[in-house]
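So the structure is just underneath, and the comments pick up after that.
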Amino acid sequence: MYRQEFIAGVDEVGRGPLAGAVYAAAVVLDPFVAIEGLDDSKKLTEKKREALDVCIREQAVSYCVARAEVGEIDEINILQASMLAMQRAVAGLNVPVEFVIVDGNRSPEFDCPSEWLVKGDAKSDVVKAASIIAKVARDREMVRLDEIYPEYGLAQHKGYPTPVHLEALRQHGPSPVHRMSFAPCQTASR
């Protein structure tokens with residue numbers, strides 16, 4: 001059995017969007033300090049996620065947010081880029097980790113044992129915490145990119161293939177932050 005203080009939770013965010021990096025976070029929580037309100041980041045309001053992001057960063061034993069860039073996504077595919085971001089997040093923790101719980105149905109290789117947990121972001125507090133800080137970090141990056149590429153509306157849809165985003169792609173073609181390995185971006189560049 002692994003001691004809770006040496007278990008990391010890992011989740012990624014941003015596999016489905018047409019633009020921006022894919023993010024992952026790894027979190028090790030203090031088993032003696034409860035963080036109220038943890039949940040799957042998709043079930044929380046933006047305001048609640050932002051508040052929990054602060055709490056998690058203040059109270060976690062360790063955390064790391066990592067990413068795989070658009071060029072990496074296009075080169076190795078989104079699944080492998082997600083795995084790479086998760087590996088980077090765990091490697092960036094500043095405490096030794098004995099075990100990793102990964103949200104989803106597969107786990108990348110780590111330097112310690114791991115297991116995947118379907119719907120882990122609804123079942124495990126360390127995965128919930130990772131889900132939250134990864135989502136907040138990626139959303140902030142999409143708001144920043146919206147200032148550089150305002151014609152795409154990235155701050156509103158976070159790069160997902162909404163009708164507004166698809167229409168902007170048709171009108172303006174893809175930007176340097178669009179994933180050219182994704183069909184709508186390929187089609188828009190013709």
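The values are calculated or read from the model by the stated rules, or taken from the named source; none is laboratory data. Since the model is a prediction, treat every value here as computed from it, not as a measurement. All Cβ positions, even for glycine, are placed from backbone atoms using ideal geometry, and neighbour counts span all protein chains on display.
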**Request:** Quick one: in segment 168-189, of everything that is part of a loop (DSSP other than H, G, I, E, B) and among the small types (Gly, Ala, Ser), which residue is nearest to Val143 (Cα to Cα)?
**Result:** Ser175
**Message:** Can you tell me which condition Ser181 does not meet? The list is (1) among the small types (Gly, Ala, Ser); (2) surrounded by 19 or more Cβ atoms within 10 Å (Cβ to Cβ); (3) in contact (Cβ under 8 Å) with a residue 24 or more places away in the chain, and all the others hold.
**Reply:** (2)
**Prompt:** Going by the structure shown, is Asp74 within 30 Å of Leu169 (Cα to Cα), touching a residue at least 24 places away in the same chain (Cβ under 8 Å), in a helix (DSSP H, G or I) and of a type in the set (Asp, Glu)?
**Reply:** yes
**Complete:** Residue hits (segment 1-45; closer than 12 Å to Ala137 by Cα and of a type in the set (D, E, K, R)) are Glu12
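Any residue at all in segment 23-39 that's in a loop (DSSP other than H, G, I, E, B), under 12 Å from the mean Cα position of the chain (by Cα) and modelled with pLDDT of 95 or more? Show your work before the answer.
Here is the first cut: in segment 23-39, the ones in a loop (DSSP other than H, G, I, E, B) are 29-39.
Now drop any that are not under 12 Å from the mean Cα position of the chain (by Cα), which leaves none.
No.
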**Fill in**
When every residue in segment 62-103 that is farther than 19 Å from Asp139 by Cα and among the polar types (S, T, N, Q) is compared, the one farthest from the chain's Cα centre (by Cα) is Asn94
**Asked** Looking only at segment 44-57, which residues are touching a residue at least 40 places away in the same chain (Cβ under 8 Å) and assigned to a helix (DSSP H, G or I)?
**Response** Glu46, Arg49, Glu50, Leu52, Asp53, Ile56, Arg57
**Asked** Is one or more of the residues making up segment 6-22 touching a Ser or Thr at 6+ places or on another chain (Cβ under 8 Å), under 23 Å from Gln186 (Cβ atoms) and surrounded by fewer than 18 Cβ atoms within 10 Å (Cβ to Cβ)?
**Response** yes
**Message:** Quick check on segment 93-109. Is at least one of its residues free of Cβ contacts under 8 Å to residues at least 24 places away in the same chain and among the aromatic types (Phe, Trp, Tyr)?
**Reply:** no
**Fill in**
Those residues of segment 118-175 which are surrounded by 23 or more Cβ atoms within 10 Å (Cβ to Cβ) and in contact with a Phe, Trp or Tyr (Cβ under 7 Å, 6 or more places away or on another chain) amount to Ile133, Ala134, Arg138
**Wholly within segment 104-165, helices (runs of 4 or more DSSP H) carrying at least 2 residues that are more than 16 Å from Pro17 (Cα to Cα), under 12 Å from the mean Cα position of the chain (by Cα) and at pLDDT 95 or above** = 125-148
